[in-house]
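Trainee: My questions will all concern the structure given below.
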2 protein chains.
Amino acid sequence: MKSKITVMLVDDHAVVRAGYRLLLSGTPNIEVVGEAERGEEACQLYADTRPDVIVMDLSLPGIGGLASIRRIRSRDTSARILVFSIHDELIYVVRALEAGARGYITKSCAPEILVEAVARIASGESFLEPEIAQRLAMQTLGGAEATTALNTLSAREFDVFLLLAKGYTTREVAEELRLGYKTVANYSTLIKSKLGVNTTAEMARLAYQNGIFKT
Amino acid sequence: MKSKITVMLVDDHAVVRAGYRLLLSGTPNIEVVGEAERGEEACQLYADTRPDVIVMDLSLPGIGGLASIRRIRSRDTSARILVFSIHDELIYVVRALEAGARGYITKSCAPEILVEAVARIASGESFLEPEIAQRLAMQTLGGAEATTALNTLSAREFDVFLLLAKGYTTREVAEELRLGYKTVANYSTLIKSKLGVNTTAEMARLAYQNGIFKT
DNA sequence: GATCCGTCGGGAATATCTCCCTGTCACAAG
DNA sequence: CTTGTGACAGGGAGATATTCCCGACGGATC
């Protein structure tokens, strides 16, 4: 008989881990052999148990998910990590893959996808949630690099973007940058159009989600 | 033989719901009789199935968790709702209880707590996660309002605040909450005045700084 | 009953946004 | 040298949005 796929779960929410454990354990050839709730803990536990696959959330207390991935991979480049995150923004996907993850799925995917992803990662393949893979492909085709849409902004546009996102009024931005009110108003419209948002509040949200502001 | 406790799950992530379903179904006297992923859907489903307990996430697409709670309770004041949120900030707890929730636990609690909470809520009691209950008591004792200025907002104002901060336009907020455009516009002005900000982007910033949004 | 307060919106003046357009400058390709 | 191209800066006009002031209603509270 073939041996089971061993899996380690990393998520800071115990209830969530328990749910996944049940989901995965319902599959005969998968066995959850360890759980961690912090990045540091995960590194240690991986070194000790060497599971086939690590299923990891990105928003971890402490060093965070990305740093955890890098740390684990720096000690064992064959480590297979599947990111299982709440975020579906491409920038997260790109960063996770850059860090060394083998797969990425979101928590809004169907339960079967999780099981499938674990199996594929274990067999050495990579796995992206289909909808994300498609968007990633679209974006890669559309632009040169991992374009966060923010990268499509010119320098001046980005200046305006930052201040608006911070909560400056159009008039305040104009003063700050020594521009005419109309100029800033026009930039504002242009930026929203480029970013595909309707309000400045949504711009702020983009800024936070891309980690442009600390907190 | 005593009949089972019927439970309805409301969470926008299918995988997460699946996990909870397994967790709860593992307990003999609990039965999950329905699932919804949006607030509107939850209201309808509750009206149709009348489960003993609703287990609900707060961050739902559309009208959001708080408005959902209020809507359900406005049609059936005996509805028993257990909020199961990722947020542990007290402001969420207070808001949820004000809206009519009977209990509040976070996703970082132990799995047994979920089962216990459901049982307690079903029996008519209320239930707060111990750690939260303690912090709530501390704050209340502390006397000095740990007023984030956000606490000066009324329930309705907070609804509008949340959506505006999320990036909704005035018109979209009006639709979501079924209010007149003018009403929302007036609320918007009032809220900005109460919070001492000039733009909706600054509202968004406040929201992020108070940990109201996940990212 | 009188008085707040929260909720919901109308009206009118004002501010802002959007869309289209002009013009300059720098820089690169033909 | 000429011809793009694209960032940069703003004007004009009309559409939208915001502000401020107001009335109305239902609940509390005193």
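The values are calculated or read from the model by the stated rules, or taken from the named source; none is laboratory data. Just so we're clear, the structure is a prediction, and the values are computed from it rather than from any experiment. All Cβ positions, even for glycine, are placed from backbone atoms using ideal geometry, and neighbour counts span all protein chains on display. Only protein heavy atoms, including side chains, enter the accessible area calculation; ligands, DNA and RNA are left aside. Shrake-Rupley method; radii C 1.70, N 1.55, O 1.52, S 1.80 Å.
Trainee: Quick test for you: out of B:S126, B:S108, B:S85, pick the one residue that is more than 20 Å from B:R156 (Cβ to Cβ), away from chain A (no Cβ under 14 Å) and small (G, A, S).
Mentor: Of B:S126, B:S108, B:S85, the one residue that is more than 20 Å from B:R156 (Cβ to Cβ), away from chain A (no Cβ under 14 Å) and small (G, A, S) is B:S126.
Trainee: Please determine whether any residue of region B:148-156 is outside any helix (DSSP H, G or I), open to solvent by less than 20 Å² (accessible area, probe 1.4 Å), within 21 Å of B:G65 (Cα to Cα) and at pLDDT 80 or above.
Mentor: The answer is yes; a qualifying residue exists.
Trainee: Can I ask one more? Picking from B:A96, B:A79, B:A101, B:A67, which residue would you name as being away from chain A (no Cβ under 14 Å) and in contact with a Lys or Arg (Cβ under 7 Å, 6 or more places away or on another chain)?
Mentor: From the options B:A96, B:A79, B:A101, B:A67, the qualifying one is B:A79.
Trainee: Here's another thing I want to ask about it. Considering B:R38, B:R75, B:R17, which residue is touching a residue at least 24 places away in the same chain (Cβ under 8 Å), farther than 23 Å from B:G167 by Cα and of a type in the set (K, R)?
Mentor: B:R75
Trainee: What is the residue count in region A:165-189 for residues that are within 8 Å of DNA strand C (Cβ to nearest atom) and either open to solvent by 60 Å² or more (accessible area, probe 1.4 Å) or within 11 Å of chain B (Cβ to nearest Cβ) (or both)?
Mentor: The total comes to 8.
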